[in-house]
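Input: a single structure, listed below in structure tokens.
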Amino acid sequence: MPAWKFFIATFGCKVNQYESQSLREAWQKLGGVECDAPGEADVLCVNSCAITAKGERDARNAVFRLRREAPAARLILTGCAARLFADFRPRPGAVWAEPDLLVPQEDKSRLLRGPWPEESIPAFPAAPAFPPFQINAFRRARPVLKVQDGCAHRCTYCIVPLTRGKPRSRAPQEVLDEARRLLRAGYAELMLSGVNLRQYGRDVPGYGDFWDLLRFLDENLAPEFAGRARLRISSLEPSQLGGRGLETLTACRLLCPHLHISLQHASLAVLKRMGRGHYTAAMLEEAVAALTAHWPRIGLGADILVGFPGETDEDLRLLLELIERLPLSYAHVFPYSRRPGTAADAFAGHLPQAVKLKRAALTREAVARRHQRFLRDQLDLPGMLVAADASKHVPPEAEREAPEIGDGPGVWCKGVNEFYAPCLFRAPAAGAAGQPDALTGLLAARPVRVTEKGLLVELKKNEA
């Protein structure tokens, strides 16, 4: 097959980022060459998200935009919004564009054989228990490692079970092999990710649960990589942070002192209407208190959903008070998005959009105050370890932030420390090209000050 060019547009979660990377590598092996400009591509692929109405709308807009930029290219829409796209009906007279090929999420792995499945790819003999995606590299400096897919919980607001299907778990040995391959390739941080890590292992006897997987990885990887690399967890639920979960978290040598929690709300009444009455905000507070006895510093992120049908001012007050009590370092705050096909769509008590947006803004303000406190509290640390993202360079005006940092010329870069605090630092430049030297491994740094972009840090000499 002659060389051909492709362009992939990825929306949504870290699992989608992982799957796009797997497609990228597979297509490159088939002679494809990735290009940065859609207009140069022979094949365009939109890997879509449908978690919110905006995500679904973004997918439709991407199809329209890419069709306009490359009218002769083959346009593929896959991911969670693909099936919803097929059922969407534009308003009369609307300007509209359609893809050449719709590949629902459950069939996305067929694209690993190429972007022409109906023409040249034999069907898989049977759908695998876990989609056969795998990666050897990542476009960013901190790869995502997918260990689980699908969800059977059916929260009343969530469309994911309809788009991602039933839970499927990746074999522990396959996870270990890929983790070791990525770490040996020089990556210093891996994020273990899935659609619902709470449901890892439920579909395959013998896999155990997510805590078994984490212990297995740590036991096998720590002897070689402890102190040189680390693991991070994409998202957990408060219900997972019982005795066994806390014991595992504190025992792992490779794990970052950082958790991201799928909290959604503090009000038990709201959580029950969401179909998430299996945990309470108090459970999270108790777990955080136990963890801080082991990790005096902890990064704590959360997903928060406001404006759910029936949410009252009192419910919002409970949420804002919880944010003030928790050592929260950041949060992803979403106003409730009505999704046809979910139970909540038929609930009474839907709030006006203006109310939802106002409550989201108030919540984000509370989170922003906690974030600034989190950054300030790190200034008294003697040092930290930064995983750089060399692809994220900072504009030259960053020099005004701290001209005294570093010796001689350099390039301003970004990264994150073990607590998932965004870090800005100056790295040595590499000759006339003005690009930084290879920023591999965990970089020892000391905090200098808090800026609008995060934590300004200085790399320790002879350790960059």
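The values are calculated or read from the model by the stated rules, or taken from the named source; none is laboratory data. The shown structure was predicted, so the numbers you read here are calculated from the model rather than taken from an experiment. Methodologically, a virtual Cβ is constructed for each residue, glycine included, from the backbone with ideal geometry; neighbour enumeration extends over all protein chains shown. Each accessible area value is taken on the protein alone, full model and side chains, heavy atoms only, with ligands, DNA and RNA left out. Shrake-Rupley method; radii C 1.70, N 1.55, O 1.52, S 1.80 Å.
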Practice prompt. Filter region 403-427 for residues that are surrounded by fewer than 22 Cβ atoms within 10 Å (Cβ to Cβ), assigned to a strand (DSSP E or B) and modelled with pLDDT of 90 or more and give the result.
Written response: K414, P422
Item to complete: Scan region 346-361 residue by residue and report those that are within 26 Å of the chain's Cα centre (by Cα) and open to solvent by less than 70 Å² (accessible area, probe 1.4 Å).
Response: K356, R359, A360, A361
Practice prompt. Working only within region 324-337, note down all residues that are closer than 23 Å to C158 by Cα and either in a helix (DSSP H, G or I) or modelled with pLDDT under 95 (or both).
Written response: S337
Discussion item. Yes or no: region 51-69 includes at least one residue that is of a type in the set (D, E) and touching a Leu at 6+ places or on another chain (Cβ under 9 Å).
Written reply: yes
Worksheet item: open to solvent by 30 Å² or more (accessible area, probe 1.4 Å), outside any helix (DSSP H, G or I) and closer than 30 Å to R339 by Cα: does that describe R140?
Response: no
Worksheet item: How many residues does region 362-398 contain that are modelled with pLDDT under 85, open to solvent by 70 Å² or more (accessible area, probe 1.4 Å) and under 22 Å from the mean Cα position of the chain (by Cα)?
Response: 3
Practice prompt. Could you check region 191-284 for helices (runs of 4 or more DSSP H) lying wholly inside it with 3 or more residues that are touching a Phe, Trp or Tyr at 6+ places or on another chain (Cβ under 9 Å) and more than 22 Å from L328 (Cα to Cα)?
Written response: 210-225
Worksheet entry | Selection within region 108-124 - at pLDDT 55 or above and part of a helix (DSSP H, G or I) | K108, S109, R110, L111, L112, R113, P117, E118
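Condition check ((1) more than 30 Å from R359 (Cα to Cα); (2) in contact (Cβ under 8 Å) with a residue 12 or more places away in the chain; (3) not acidic (D, E)) across all residues:
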| residue | (1), (2), (3) |
| --- | --- |
| E219 | yes, no, no |
| A269 | no, yes, yes |
| E285 | no, yes, no |
| W295 | yes, yes, yes |
